[in-house]
1. Residue under question is A:Gln12, and the condition is that it be in contact with a strand residue (DSSP E or B) (Cβ under 9 Å, 6 or more places away or on another chain) and assigned to a helix (DSSP H, G or I); does it hold?
2. For B:Ser14, are the conditions met, namely being out of contact with any helix residue (DSSP H, G or I) (no Cβ under 7 Å at 6 or more places or on another chain) and open to solvent by less than 60 Å² (accessible area, probe 1.4 Å)?
3. Identify, by number, the condition in (1) under 16 Å from the mean Cα position of the chain (by Cα); (2) more than 30 Å from B:Ile130 (Cα to Cα) that C:Val40 doesn't meet.
4. Suppose the filter is of a type in the set (A, V, I, L, M) and either out of contact with any strand residue (DSSP E or B) (no Cβ under 6 Å at 6 or more places or on another chain) or over 23 Å from A:His98 (Cα atoms) (or both); does A:Ile35 pass it?
5. Being part of a helix (DSSP H, G or I) and in contact with a Cys (Cβ under 7 Å, 6 or more places away or on another chain): is that true of C:Val22 here?
6. Can you name the number of the only condition in (1) over 23 Å from C:Leu65 (Cα atoms); (2) out of contact with any Leu (no Cβ under 9 Å at 6 or more places or on another chain); (3) outside any strand (DSSP E or B); (4) facing another protein chain (nearest Cβ under 8 Å) that B:Pro41 fails?
7. Would you confirm whether or not the range A:85-93 contains a residue that is touching a helix residue (DSSP H, G or I) at 6+ places or on another chain (Cβ under 6 Å) and farther than 27 Å from B:Thr48 by Cβ?
8. Looking at A:Ala23, A:Ala28 in this structure, which one is closer than 29 Å to B:Pro131 by Cβ, surrounded by fewer than 24 Cβ atoms within 10 Å (Cβ to Cβ) and more than 14 Å from chain C (Cβ to nearest Cβ)?
Amino acid sequence: MFKIFSVKTGAQASFSDITPQVAAVVSASKIGEGICVVTVPHTTAGLTVNENADPSVQEDIITALDKLVPVRGPYRHSEGNSHAHVKSSLLGHSHILHVSGGSLKLGTWQGIFLCEFDGPRTREVHVSVIPA
Amino acid sequence: MFKIFSVKTGAQASFSDITPQVAAVVSASKIGEGICVVTVPHTTAGLTVNENADPSVQEDIITALDKLVPVRGPYRHSEGNSHAHVKSSLLGHSHILHVSGGSLKLGTWQGIFLCEFDGPRTREVHVSVIPA
Amino acid sequence: MFKIFSVKTGAQASFSDITPQVAAVVSASKIGEGICVVTVPHTTAGLTVNENADPSVQEDIITALDKLVPVRGPYRHSEGNSHAHVKSSLLGHSHILHVSGGSLKLGTWQGIFLCEFDGPRTREVHVSVIPA
């Protein structure tokens, strides 16, 4: 079961909660026990699993990353989005989740986020489910 | 083979070596060749694979992360643990390891660590083993 | 399908594009649909997936990481490579990629890089392919 879906990101830097779309792929796979692999085919966006309850957590993560890797700086890459490449590598382009009882085994406060650092754009998310 | 075990963390920020518990799940699975997936269902803790010989490496990682993302700061999230959410995203909530010959294929100096950033607490670790 | 290959890194900090070697393992596995898992058995090197077109992106990532975690600092670990341990944890020792139609499902601009932070050395890369 390998699926691709698209996400329209809303700002230069923004997190999009993709948990419902990933959960739908798991559900459609009818796989009870296994793992779910999520990747993005992009180099200026990433993925993270973090709190989905209070949106200010997402803002704090974006702000903290901006302090660590400022949008403007003495970068060599000439496209003006070097900071986004660095942030993508810091969070990673792939994440893996457990599937048990036919559902994603996320913690109470966990959601899966597409992390946009060079938007707004339309991004792709790749999801597969592998049986145990 | 999907198992959950608990870890009591000892300080606000601390690394717990969970290699023996993960290795025990691999052993019990009787899977010779495949992969082992480790995740935490938490948003203020993470996982890393790093040196398990000299404990000062763990201290250096904790100190470096504290410099990058200070415990106190002008964060928006009101629970006082925003730094822990950011650190969790920087290290990641999931890791994957190779299994070959019925054992974890770790390097000589590698151990698997639960990284606590908002403790002490009792944390859960989720482990599965997938055959190749 | 589990394979190990070696990479000679060229500098203290450098990225080596290992996409061809990983793609060769996927091809040899004859697995059409599944996932490819890449790990390094090292604690002062890591892996990332990022742009393989303009090499200045790799330089920008290395420079950004050096600013965040300086080579020299008041570290406790006495081997002088604490910064490399921290960078390894920030990027991660494992990555996962989708395999579809018998090939790695990488984005147009994505390559897989071994990230050396304590070289030059000969490093190992572990690759496996798991069917869906």
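The values are calculated or read from the model by the stated rules, or taken from the named source; none is laboratory data. All values reported here derive from a predicted model rather than from experimental measurement. With ideal geometry, Cβ positions are generated from the backbone for all residues, glycine too; neighbour counts draw on all protein chains shown. Ligands, DNA and RNA are stripped out before the accessible areas are found, and what is left, the full protein with its side chains, is counted by its heavy atoms. Shrake-Rupley method; radii C 1.70, N 1.55, O 1.52, S 1.80 Å.
1. Values: in contact with a strand residue (DSSP E or B) (Cβ under 9 Å, 6 or more places away or on another chain): yes; assigned to a helix (DSSP H, G or I): no.
Considered against the rule, which asks whether it is in contact with a strand residue (DSSP E or B) (Cβ under 9 Å, 6 or more places away or on another chain) and assigned to a helix (DSSP H, G or I), A:Gln12 comes out as no.
2. Numbers: out of contact with any helix residue (DSSP H, G or I) (no Cβ under 7 Å at 6 or more places or on another chain): yes; open to solvent by less than 60 Å² (accessible area, probe 1.4 Å): yes.
Yes, satisfied.
3. Exception for C:Val40: condition (2).
4. Details: of a type in the set (A, V, I, L, M): yes; either out of contact with any strand residue (DSSP E or B) (no Cβ under 6 Å at 6 or more places or on another chain) or over 23 Å from A:His98 (Cα atoms) (or both): no.
So A:Ile35 does not fit the description; no.
5. Yes.
6. Every listed condition holds for B:Pro41 apart from (2).
7. no
8. Numbers: A:Ala28 fails: more than 14 Å from chain C (Cβ to nearest Cβ).
None of the other options fit; the residue is A:Ala23.
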